[in-house]
1. Of the residues 200, 182, which single one is open to solvent by less than 60 Å² (accessible area, probe 1.4 Å), of a type outside the set (Asp, Glu) and over 17 Å from residue 138 (Cα atoms)?
2. If I ask for residues that are open to solvent by 30 Å² or more (accessible area, probe 1.4 Å) and aliphatic (A, V, I, L, M), which ones from the range 324-336 would you list?
3. Which pairs do you get when a residue that is closer than 19 Å to residue 240 by Cβ and open to solvent by 60 Å² or more (accessible area, probe 1.4 Å), found in the range 267-296, comes within reach of a residue that is of a type in the set (Gly, Ala, Ser) and part of a helix (DSSP H, G or I), reach meaning Cβ atoms under 7 angstrom, with the pair 6+ apart or on two chains?
4. Counting residues that are polar (S, T, N, Q), which strands (runs of 3 or more DSSP E) fully inside the range 1-66 reach at least 2?
5. Does residue 114 count as open to solvent by less than 50 Å² (accessible area, probe 1.4 Å) and part of a loop (DSSP other than H, G, I, E, B)?
6. Looking only at the range 224-247, filter to residues that are open to solvent by less than 40 Å² (accessible area, probe 1.4 Å) and under 14 Å from residue 337 (Cβ atoms); which one of those is modelled with the highest pLDDT?
7. Only one of (1) in contact with an Asp or Glu (Cβ under 9 Å, 6 or more places away or on another chain); (2) open to solvent by 40 Å² or more (accessible area, probe 1.4 Å); (3) over 26 Å from residue 226 (Cα atoms); (4) at pLDDT below 95 is not met by residue 161, so which one is it?
8. Among the numbered criteria (1) more than 16 Å from residue 97 (Cα to Cα); (2) surrounded by 14 or more Cβ atoms within 10 Å (Cβ to Cβ); (3) acidic (Asp, Glu), which one does residue 34 miss?
Amino acid sequence: MEGGFGQTDLYKVAIKSDGSYGKPINLGPEINTEGNEKFPYVAKDSTLYFSSDANLNLGLLDIFESNLLKIKKNDTTQVYIKNLGAPFNSPYDDFCFFIDTETQTGYLSSNREGGQGGDDIYAFGKYQCKQTITGIAYDELTKLPLDKVRIVLLDTDGKVIDTFFTEKDGKYEFKDVACDKTFTILGERVIYRPDKKEITTTPVNGENTEIDLYLKPLIIDNEIVINPIYFDYDKSFIRPDAAYELENIVAVMREHPRMIIKIESHTDSRGRDAYNLKLSDRRAKSTRDYLYSRGIEEDRILSAIGYGETQILNKCTNGVKCSDAEHEFNRRSKFIITNQYK
């Protein structure tokens with residue numbers, strides 16, 4: 001109407017006790033500009049929200065807030081106008097802002113990129129972006145799903161966020177996982193080597209990420225297979241890293257209380273034959289004694305024998321030049337199952 005400051009201005013109107021309306025009064029130059037001021041909304045806390053294409057903005061119509069309606073008569077508080085900024089505003093038209101100031105949730109309209117049409121309605125607030133992580137735990141050798149797998153969701157500090165136990169289908173699911181975060185998925189099961197994978201969720205709410213785990217069985221054919229046990233040079237005592245691996249042997253034997261094993265220790269061909277034979281035998285018996293110390297009964301270990309370099313698995317016999325990796329292939333401890341334990 002005539003008497004405004006620009007193209008479209010914001011006005012206030014009194015609602016009388018009989019339900020009739022007073023005369024529209026322009027909100028003045030603190031709010032109105034030579035451009036367009038539109039879509040006013042007054043929140044419960046009396047904050048005025050509106051859209052303008054002339055105040056300092058990110059492009060086209062932007063959403064602003066003002067304290068104008070909070071200022072009482074004769075109050076010297078200065079009127080301010082504040083652009084809400086991103087993500088409320090974009091380089092496109094952003095308007096029809098609504099907010100519940102108690103829950104800090106609300107809606108706005110925009111024709112920004114990524115919408116479904118021209119002007120779309122968007123929700124915002126304190127709600128958290130959530131996703132789902134799903135997958136299947138498999139036996140690495142048979143490729144069959146595994147039950148009784150403890151699946152753990154860990155944050156980057158190693159803190160347990162959630163835990164899931166698989167059933168016969170091997171499936172697991174973690175709901176309400178935070179978006180745009182990095183996690184570790186760890187799968188554990190008795191008589192299996194754990195598997196873990198790192199995953200970073202996307203920033204998109206409601207997405208599902210699938211990640212499968214493959215647990216390697218510790219019992220393969222008639223042998224308990226663990227990572228190599230390393231000893232210090234010329235020594236036979238159990239190092240902490242070796243003890244960690246031997247705990248897998250302990251776990252398997254506790255799970256199968258009838259199981260009987262024999263221990264073999266082997267060296268590579270470097271060094272004198274007789275010395276390697278004695279060193280490997282000391283290491284085999286040191287390994288056996290560690291298992292005894294963890295509560296494995298003596299009659300469940302049939303023997304613990306060192307074979308030195310008498311059972312080389314490749315070409316690396318005495319006098320043959322080999323790489324360190326080729327020699328390492330021959331340095332091994334074997335835990336052979338000698339009975340029908342099931």
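1. Among 200, 182, only 182 is open to solvent by less than 60 Å² (accessible area, probe 1.4 Å), of a type outside the set (Asp, Glu) and over 17 Å from residue 138 (Cα atoms).
2. The answer is 325, and nothing else.
3. Filtered contacts from the range 267-296: no entries.
4. On the way: elements: 37-42, 48-52, 62-66.
Those strands (runs of 3 or more DSSP E) span 48-52.
5. So residue 114 does not fit the description; no.
6. 224
7. Unmet condition: (4).
8. Condition (2) is where residue 34 drops out.
The values are calculated or read from the model by the stated rules, or taken from the named source; none is laboratory data. Please read all numbers here as calculations on a predicted model, not as lab measurements. No Cβ is skipped: glycine too gets one built from the backbone with ideal geometry, and neighbour counts run over all protein chains shown. In case anyone asks, the SASA skips ligands and DNA or RNA and just uses the protein heavy atoms, side chains included. Shrake-Rupley method; radii C 1.70, N 1.55, O 1.52, S 1.80 Å.
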